[in-house]
Amino acid sequence: MGYSESRDIVAKTYEEINEKISKGKAVVYTAEEIIDLVKEKGAEQVAEEVDVITTGTFGAMCSSGAFLNFGHSDPPIRMANIRLNDVEAYGGLAAVDTYIASTSKSDDPDGYGGGHVIEDLIAGKKIHLHAWGPGTDCYVRKDINTYITLDDLNEAYMYNPRNVYQNYNVATNCSDRTLYTYMGKLLPRMKNATFSSAGQLSPLMNDPHLDTIGMGTHIFLGGGEGYVTWQGTQFNTQVAEKNGVPISGARTLALIGDLKQMDKDFVRGLNVHGYGTSIALGVGIPIPVLNVDVVKRASISDEDIYANLIDYSVTSKSRPVLAQYNYAQLRSGTIEYEGRKIRTSSLSSYAGARKVAGKLKDWIEKGEFLLTEPVKKLPEKSFVKGLAVKE
């Protein structure tokens, strides 16, 4: 059985779908739109009529950054200490290559970081580059102080080791003090709860076992085109499921894309108050309708996707699960726990996710975006190890 096949009879192939896309005849729906269509017509008929289902998410993805190549100055320099708008970039690559990470932070009290540098580059702004080097016989310059734009760079591409988490925790705070976390501000005594997923639109919720997503999958990344390069870090398949999807953080993807194609509307630097800097990204993945199973998985709704409520005041790795809620409940604005009402809010933008899925749908309908069959399937079994610390 080939990689593009499922347990049932294959309805279409990648080649057939791409041929329809190229001719402008592909039928495309978003993962949100497909829910009602399946209720109306049934999965079998939808599988016959629809060619592609688009997904989307737009939220904080801390494990992100960009490789940049500045080109050589005259005389040349081997950069060992690099700052971009006063944000530290990695100086351990070749002479004028660097990696700027989204969570690197400047001394700016307003919380300017690597994610903001990337956003400003995409926006066409001038970036202050200050770099130092040891000085060698072949790289004699020891200091460079100048301004660059994205157009000045030879190459600039985003490479993100861990994006589009497949589900995640719902965070609350049972303690008597306010907590500032990567899940946002958590008020004491369970006065609020935060979550971070596009739910029924989220890419890995709609293909939970990655039957169509793998190494080489063509994606929407930050307003431009990108690809899946590998499984993301902390890729975990050993988690409990409900209605066929994980109820906690599970699979992730490593992604790559050209910064020069991207749109600042889908790439935003973040300052998470009391925690640090990050970046918000729009990511969309097309799901080819190869068979009925694909449609059944992609028609899952927020009512059927659950996540665990976790107490973030517990400092140990193994935080207890307090309860489970579906995303329809979470998006309603309040949930109930042991008789008390808790206000809920999302750290990811559902409106942004809808915009990503819609943009990708538009590209495909216009014949501007073809699908790629993965060249390698991502692991079917993987679990996350912890770090052993000697006291």
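Given the criteria under 27 Å from Ala240 (Cβ atoms) and modelled with pLDDT of 95 or more, does Asn145 qualify? Even if it seems obvious, please write down each step before you answer.
Working: under 27 Å from Ala240 (Cβ atoms): no; modelled with pLDDT of 95 or more: yes.
When the stated conditions are applied, Asn145 does not pass them.
Among the residues of segment 124-170, those that are under 30 Å from the mean Cα position of the chain (by Cα), assigned to a loop (DSSP other than H, G, I, E, B) and in contact (Cβ under 8 Å) with a residue 60 or more places away in the chain comprise Leu153, Asn154, Val164, Tyr165, Gln166, Asn167, Tyr168, Asn169. Candidates Gly113, Gly124: the one that is outside the structural domain of Leu221 (by TED's automatic domain parsing), closer than 25 Å to Ala254 by Cβ and either in contact with a Leu (Cβ under 9 Å, 6 or more places away or on another chain) or not charged (D, E, K, R) (or both) is Gly113.
Scanning for something closer than 29 Å to Asp311 by Cβ, crowded, with 21+ Cβ neighbours inside 10 Å, of a type in the set (D, E, K, R) and in the same structural domain as Gly352 (by TED's automatic domain parsing), does segment 249-258 turn up at least one residue? Break it down into steps so the answer makes sense when it comes.
If we filter segment 249-258 for residues that are closer than 29 Å to Asp311 by Cβ, which is where we start, we get 249-253.
With the extra rule that they be crowded, with 21+ Cβ neighbours inside 10 Å, the set shrinks to 250-253.
Among the residues that remain, those that are also of a type in the set (D, E, K, R) are: 251.
Those left that are additionally in the same structural domain as Gly352 (by TED's automatic domain parsing): 251.
So far as segment 249-258 goes, yes, one or more of its residues are closer than 29 Å to Asp311 by Cβ, crowded, with 21+ Cβ neighbours inside 10 Å, of a type in the set (D, E, K, R) and in the same structural domain as Gly352 (by TED's automatic domain parsing).
Every test in (1) of a type in the set (Asp, Glu); (2) buried (at least 19 other Cβ atoms within 10 Å of the Cβ); (3) touching a Pro at 6+ places or on another chain (Cβ under 8 Å) is passed by Asp120 save one, and that test is (3).
Checking each residue in segment 198-233 for being among the hydrophobic types (A, V, I, L, M, F, W, C), farther than 17 Å from Lys355 by Cα and not in a helix (DSSP H, G or I) picks out Leu210, Ile213, Met215, Val228, Trp230. Out of the residues in segment 91-123 that are among the aliphatic types (A, V, I, L, M) and assigned to a loop (DSSP other than H, G, I, E, B), which is farthest from Cys138 (Cα to Cα)? Among those that are among the aliphatic types (A, V, I, L, M) and assigned to a loop (DSSP other than H, G, I, E, B), it is Ala123. Each residue in segment 240-269 was checked for being among the hydrophobic types (A, V, I, L, M, F, W, C), part of a loop (DSSP other than H, G, I, E, B) and touching a residue at least 40 places away in the same chain (Cβ under 8 Å), and 3 pass. A Cβ distance below 8 Å, combined with a sequence gap of six or more or placement on separate chains, defines the contacts here; from segment 1-21, residues that are under 16 Å from Thr217 (Cβ atoms) and in a loop (DSSP other than H, G, I, E, B) reach residues that are at pLDDT below 55 and among the hydroxyl-bearing types (Ser, Thr, Tyr) in the pairs Thr13/Ser4.
The values are calculated or read from the model by the stated rules, or taken from the named source; none is laboratory data. Just so it is clear, the structure is predicted and the values come from calculations on it, not from any experiment. With ideal geometry, Cβ positions are generated from the backbone for all residues, glycine too; neighbour counts draw on all protein chains shown.
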